[in-house]
Amino acid sequence: MSPAEEDATFLVLNGAHLKKMATADDIAAAVGLPREVAVAELAAAVEKGWAMSVDGRYLVVPDGTSAVHEYYAKFYGPLRGDAAIEGWFARFETLNDQFIRAVSDWQKNEEDEKAKAKVLKVVERLIKALGDIISAIPRYENYARRFTVSVGRVDRGEREYVCDPSIDSVHTIWFELHEDILSVLGRPRDV
């Protein structure tokens, strides 16, 4: 099965896995599926013992995490070790280092327009870089879309869209993408 044939079960469960604790609406928006599909898939995940619902937010439990990683192996196993994907990841890691520095500068002084501009410049480079990997992982188009929306909100003066972990901020999206690409490659996240 190829990445282009990913099914709604994987997309929704993975979305919940990456978001950690999110509503069906948040998950549907993140993975680019209709809300009703996300609601049905989340209900099925709860029934299978893969997720739990707490006050309308979904959390993937250990059996669900195992299922997510099995899906990654099934969909992306052939990409693991691919020179083009590895090369893309190396470029991403360089951008990731730049992003971490830029976000740290932003957090020290959120009123600094120069710090904000640095964060957004790195994000714009990543949006462009995503174009190089979308043919291999089509669902990464959702990351590019989400980044574009959040950058637009920051540009309109909504500063919380830089780093607020409770919304689809550029930092939140970046964190999810980083964990996602590591899972595609079958690598653990450094803590």
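Limited to the stretch 53-74, what total is found for residues that are polar (S, T, N, Q) and open to solvent by less than 50 Å² (accessible area, probe 1.4 Å)? Steps first, please.
Taking the stretch 53-74 first, the residues polar (S, T, N, Q) are 53, 65-66.
Cutting the leftovers down to open to solvent by less than 50 Å² (accessible area, probe 1.4 Å) gives us 65.
Looking only at that region, the number is 1.
Residue by residue through the stretch 9-52, note down the ones that are open to solvent by less than 40 Å² (accessible area, probe 1.4 Å) and aromatic (Phe, Trp, Tyr).
Phe10
Name the residues in the stretch 150-191 that are β-branched (Val, Ile, Thr), open to solvent by 10 Å² or more (accessible area, probe 1.4 Å), under 14 Å from the mean Cα position of the chain (by Cα) and farther than 17 Å from Ala102 by Cβ, would you?
Ile167
What are the residues in the stretch 75-117 that are farther than 21 Å from Phe175 by Cα, at pLDDT 90 or above and loosely packed, with under 13 Cβ neighbours inside 10 Å, if any?
Within the stretch 75-117, Gly77, Ala83, Ala84, Lys114 meet the criteria.
For Arg153, indicate whether it is at pLDDT 95 or above and more than 17 Å from Asp180 (Cα to Cα).
Yes; evaluated as a whole, the condition is true for this residue.
Is there a residue being touching a residue at least 40 places away in the same chain (Cβ under 8 Å), in a helix (DSSP H, G or I) and aliphatic (A, V, I, L, M) anywhere in the stretch 42-57?
No - not one qualifying residue is present in the stretch 42-57.
When the stretch 118-143 is examined, which residues are found to be open to solvent by 40 Å² or more (accessible area, probe 1.4 Å), over 24 Å from Arg80 (Cβ atoms) and not basic (Lys, Arg)?
Hits for the stretch 118-143 are Glu124, Ile127.
The values are calculated or read from the model by the stated rules, or taken from the named source; none is laboratory data. Because the structure is a prediction, the values reported are computed rather than measured. All Cβ positions, even for glycine, are placed from backbone atoms using ideal geometry, and neighbour counts span all protein chains on display. Protein only, heavy atoms only, side chains kept; ligands, DNA and RNA dropped before computing areas. Shrake-Rupley method; radii C 1.70, N 1.55, O 1.52, S 1.80 Å.
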